[in-house]
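Written out below as structure tokens is the structure these notes cover.
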Amino acid sequence: MFKKEGYEVTVVTNHRKVDEDLAFDVVQNFKINRIRRNIFTYLNRIIKAIKISRNTEIIFLSGKFSLWTGGFLKFLFKSKKVIAIIHGSELNAGGNFSKFLTRWSLNKVDHIIAVSTFTKSIALKINPKLKIYVINNGIEIKLNSSIKNKIFNQKNRLAMVSVGNLSYRKGQQNLIRALPLLKKNILIFIIIA
């Protein structure tokens, strides 16, 4: 999306599986900097983030360590816009020091985007004064016509899919409890965990 709008995009992430990483990276239209996992992984990520941030206008963060790095980057580069995307699991992870870094970083960044109202509520327990926007995760589904016809061929029927780990915070239990109310209108319901 940002690339289509004319922005130069650079991603810093971990190196996990060489073949899979290369196959993914080669088809992207943005630069990906992968950091190999070793005893210096976190230090290398911080160094790479500092180097890239010097020539960057906007910094997006996603994940616990990225959030902490973003707080540090905002401290170093006060004029940069730093936007944190929070998913929920990173907010209460770790011990007291981890929670301190999370709280400190949330207070440093310019904007916070939560992927759900539930995630927003967790963050507001950390600091009720945080200004948080909710933008739910979305996906682009490209189905071939034979699959579309099988799933969406009946009028007034829903095809429902839940993608993600099964956990209380993701709310699949609410969807399952609501199924008896919807059973006449659901053509298919899939949970991918």
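In region 1-31, how many are farther than 19 Å from LEU73 by Cα and not in a loop (DSSP other than H, G, I, E, B)?
Number of matching residues: 11.
Considering only residues that are farther than 14 Å from LEU61 by Cα and hydroxyl-bearing (Ser, Thr, Tyr), which ones fall in region 93-114?
Matches in region 93-114: SER98 only.
So the check is Cβ under 9 Å with 6+ separation or different chains; which pairs have a first residue in region 1-20 that's under 21 Å from GLY63 (Cα atoms) and without any contact (Cβ under 8 Å) to a residue 40 or more places away in the chain and a second one that's part of a loop (DSSP other than H, G, I, E, B) and of a type in the set (D, E, K, R)?
Listed by first residue and then by second, the contacts come to PHE2/GLU8; VAL9/LYS3; ASN14/ARG37; HIS15/ARG37; ARG16/ARG37.
Consider region 97-124. How many of its residues are open to solvent by 60 Å² or more (accessible area, probe 1.4 Å) and closer than 26 Å to GLY171 by Cα?
6
Residues of region 49-96 being touching a residue at least 60 places away in the same chain (Cβ under 8 Å) and open to solvent by 30 Å² or more (accessible area, probe 1.4 Å), which ones?
First, pick out the residues of region 49-96 that are touching a residue at least 60 places away in the same chain (Cβ under 8 Å): 88-89.
Correct list: SER89 only.
The values are calculated or read from the model by the stated rules, or taken from the named source; none is laboratory data. Note that the coordinates shown come from a computational prediction; the quantities given were computed from them, not determined experimentally. Don't worry about glycine lacking a Cβ; one is built from the backbone with ideal geometry, like all the others, and counts go over all protein chains shown. Calculation scope for accessible area: heavy atoms of the full protein, side chains included, ligands and nucleic acids excluded. Shrake-Rupley method; radii C 1.70, N 1.55, O 1.52, S 1.80 Å.
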